[in-house]
1. Quick check: pseudo-label points 7 Å beyond the Cα along Cα→Cβ at GLU247 and ARG305, how many nm apart are they?
2. Put a dot 7 Å past each Cα toward the Cβ at ALA297 and SER101; how far apart are the dots in nm?
3. Count the net charge of all other residues whose Cβ sits under 10 Å from the Cβ of PHE141, scoring Lys and Arg as +1 and Asp and Glu as -1.
4. For segment 37-169, what value does the Rg/Rh ratio take when both radii are computed over Cα atoms and Rh is the Kirkwood radius, given to two decimals?
5. If each residue of separation counts as 0.36 nm, what is the full-extension length gain between SER31 and GLN47 once their alpha-carbon separation is subtracted?
6. Just the accessible area for MET142, please: 1.4 Å probe, Å², rounded to the nearest 10?
7. As an exercise, use a Förster radius of 56 Å and the Cβ-Cβ distance of THR18 and ASN70 to find the FRET efficiency, rounded to the nearest 0.05.
8. Given N residues in the chain, what is its alpha carbon radius of gyration divided by 2.2 N^0.38 Å?
Amino acid sequence: TKQKGLKLVERDDEGVDTAFRADVIEGLSQSQMAIPARWLYDDAGSQLFEDITQLPEYYPTRAETEILSNRGAEFAAMIGEGRAVVEFGSGSSVKTPLLLSAIAPAAYVPLDISGDFLRAAAAELSGKFPGLPVYPVEADFMRKVALPGEVTDLPKLGFFPGSTIGNMVARTAVDLLRNMRETLGVGAQLLIGMDLIKDKDVLVSAYDDKAGVTAQFNYNLVRRINRELDGDIALDALMHEARWNDEYARVEMHLRAQRDITFEVSGQQFSMRAGETIHTENSHKFNRRTSNMLLLAAGWEPQARWLDSQERFSVMLAQA
Ligand code: AVI
C-alpha cells in the first residue's frame with residue numbers, strides 16, 4: 001500500500017518507468033512475446049478504453065450497467081444498509097452511483113493507483129451523494145491495503161465491476177481475490193462483475209470492432225513503447241488480432257507481424273518473423289461453475305448471481 005510521500009511509480013534518472021521497461025524487455029525476450037495488459041492504460045490508452053465501452057460490439061459495459069440498474073432491490077436485500085463500499089479501481093462514473101443509491105452505504109472508499117483518477121472520481125461521487133463520507137485511498141489494490149481508520153468498525157462491501165478480474169490469469173486472480181478478503185476483513189461481502197462464455201464470433205467481434213478502436217488501443221502500446229522506451233518498432237508492420245482461446249476460455253489480443261522485422265527497445269535488439277505475435281492481453285470469460293470455483297479458491301463463498309436480459313454478463317455476490 002502507498003505510504004504518504006512514497007511514489008508508486010519508480011523512475012530512473014531519465015524519467016523512464018523502470019517497471020514498464022523491465023516488463024517489456026522481459027516480455028519481448030520470450031519465445032512467445034507477451035507484455036502484461038496493465039501497460040495498455042496510459043492516458044491515451046485509458047481514453048481509448050472509454051471509447052471501447054461505447055462501441056456497438058462491446059457489450060460488457062452495457063450488460064453490466066443493465067444489471068446494476070435493474071437489480072438494486074435485490075442487492076439491498078442481500079447486502080443490507082450501513083456497509084462501507086470499497087471500490088477496487090475508481091474508474092467508472094456510471095456504475096458506482098447505481099450501486100450506492102441501491103444499498104444506502106455508510107461510507108465509500110475508492111482505491112486507485114492513480115491519484116488523479118482517484119481525486120476526480122471522489123469529487124464526482126461526493127457531488128452526487130452529499131451526505132456520504134468518501135475516503136479515497138491511493139494504493140495498488142493488487143496488494144493488501146490498509147483502509148482508513150474511519151471505516152474500521154463498519155462491515156465492508158468490496159465492489160469490482162467491469163470484469164477486470166478476467167484480465168488476470170487464474171493464479172493472479174486468486175491472489176487478488178485473497179488480498180481483497182484480507183483488505184475487507186471479517187464479515188465482508190464482494191460484488192464482482194464477470195463476463196460470460198458465449199458465441200465465439202460475438203466474443204471476437206467485441207475485441208475486433210469495425211471502427212478499429214480496439215486496434216488503436218492495441219497499437220497504442222507500441223506507440224508507448226516507442227515513445228517511453230526509445231523504441232523503433234514499425235507500427236505498420238504489426239496488425240491487431242483478437243482470437244478465442246477455447247482451452248483457457250479467453251479472448252486474447254495479439255499484435256501480428258506482417259513481415260520479418262527487427263527493432264530496438266531501450267538499446268536492445270529484437271526480431272520477429274512474419275506471422276509471429278506479441279501477446280498483449282487476456283480477457284477470460286466464465287460460466288457459473290468456473291466463476292464459483294474462482295471465488296471459492298480465494299476463500300469467497302458465492303451467495304447470488306445476476307445476469308443481464310441477454311445472459312451475456314454476470315454480477316456475483318460472495319461472502320468472506
Ligand atoms: C478492462 N477490461 C475488462 C477490458 C476487457 O474487456 O477485457 C479491456 C479491453 N480490452 C479490449 N477491449 C476491452
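1. Taking the two extended label points, one gets 2.5 nm.
2. 3.7
3. Working: positive: ARG143, LYS144; negative: GLU87, ASP112, ASP140.
That sum, taken over residues with Cβ under 10 Å, equals -1.
4. On the way: Rg = 14.8 Å, Rh = 15.6 Å.
Radius of gyration over Kirkwood radius for segment 37-169 works out to 0.95.
5. Details: separation 16, 0.36 × 16 = 5.76 nm, distance 3.12 nm.
Additional length available on full extension: 2.6 nm.
6. For MET142, solvent-accessible area is about 60 Å².
7. Values: r = 45 Å, r/R0 = 0.81.
Taking R0 as 56 Å, the efficiency between THR18 and ASN70 is 0.80.
8. Numbers: Rg = 20.1 Å, N = 320, 2.2 N^0.38 = 19.7 Å.
Compactness ratio reported: 1.02.
The values are calculated or read from the model by the stated rules, or taken from the named source; none is laboratory data. Treat the numbers as computed from the prediction; the structure is a model and nothing was measured. All Cβ positions, glycine included, derive from the backbone under ideal geometry; neighbour counts span all protein chains shown. Calculation scope for accessible area: heavy atoms of the full protein, side chains included, ligands and nucleic acids excluded. Shrake-Rupley method; radii C 1.70, N 1.55, O 1.52, S 1.80 Å.
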